[in-house]
Amino acid sequence: MAIRMPRIIKMPRIIKKSSTAGDVPKGHFAVYVGEKQKKRFVIPISFLSQPLFQDLLSQAEEEFGFDHPMGGVTIPCSEDVFADLTARLNRI
């Protein structure tokens, strides 16, 4: 009888779930992502120059202005959409 292992989806290394402010490496910044429950991710600063990410930041500005409830940049999308976007940015 074969044992069936659960399928694991590997996320790009550029996305890191992060829990504390002290674990943001140089050249990165933290964002909060999610529709209901926000999760914190650490991403490269280089994303700031990418048009796809700039569009996402514009949406965040429209929804939250400059008063982000989590104390950091809050991205108004699902984690899946964010993961897809950052995967695309990683290929650029």
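Computed from the coordinates by the stated procedures, all read-outs in this text should not be read as laboratory data. Keep in mind that this is a model prediction, so the values were computed, not measured. Note that we place each Cβ from the backbone using ideal geometry, even for glycine, and neighbour counts take in every protein chain shown.
With a Cα-only, solvent-free Debye model of the range 21-92, what are the log10 I(q)/I(0) values at q = 0.12, 0.21 Å⁻¹?
Those come out to -0.29, -0.95, one per q.
Could you order peptides 52-63, 28-39 by the average number of other Cβ atoms within 10 Å of their residues, highest first?
28-39, 52-63
Which length gain, in nm to one decimal place, applies between Ile45 and Asp23 when the Cα-Cα distance is subtracted from 0.36 nm times their residue separation?
Contour length minus the Cα-Cα distance gives 6.4 nm.
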